[in-house]
Amino acid sequence: MKAHTILLAGLLGAATLPASAATDIERTCLTAAETRIVVRENKLTDPGTAQRTAAAQAHAEALRARLCRWNEDYVYEITLLSRDGKVMQVNVRAADGTLAGPRKDR
């Protein structure tokens, strides 16, 4: 259940969860330099591969990838531009390169 709370908080934003659940979530995003080090040291999926995976799944163009740590897990928050001009965010698990949850439109 806790893993679902973490995922939902990342996808929906902590403000939509009860206060008790929001305090359980620790989300920290890394700089580009920190990302390179963490990817190398932890043998994570590289940002380019994560962007291609997300773009292919959503039939969209990847605009940006940001590596964030959600409690104990690393997740890429990838911003995409769909063919109809909508901007959306997809989350990809950095450990294995799989989608971490449903897309979120902005």
- Mind checking which of LEU63, THR35, GLY97 is farthest towards the positive end of region 27-105's charge dipole, using Cβ charges of +1 (Lys, Arg) and -1 (Asp, Glu) about the Cα centre? LEU63
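Counting other Cβ atoms within 10 Å of each Cβ, which trypsin sites (Lys or Arg not before Pro) in region 21-92 have at most 14 and sit in a DSSP loop?
Here the trypsin sites (Lys or Arg not before Pro) that fit, given the DSSP loop and packing criteria, are LYS43, ARG83, LYS86.
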- Task: Grab every C-alpha pair in region 27-105, bin the distances at 5 angstrom width from 0 up to the longest one, and report whole percents.
- Result: 3, 18, 30, 25, 14, 7, 2, 0
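All of the numbers you see were taken from the coordinates with simple rules; none came from a lab. Treat the numbers as computed from the prediction; the structure is a model and nothing was measured. Because the Cβ atoms are built from the backbone with ideal geometry, glycine has one as well, and the counts that use them run over all protein chains shown.
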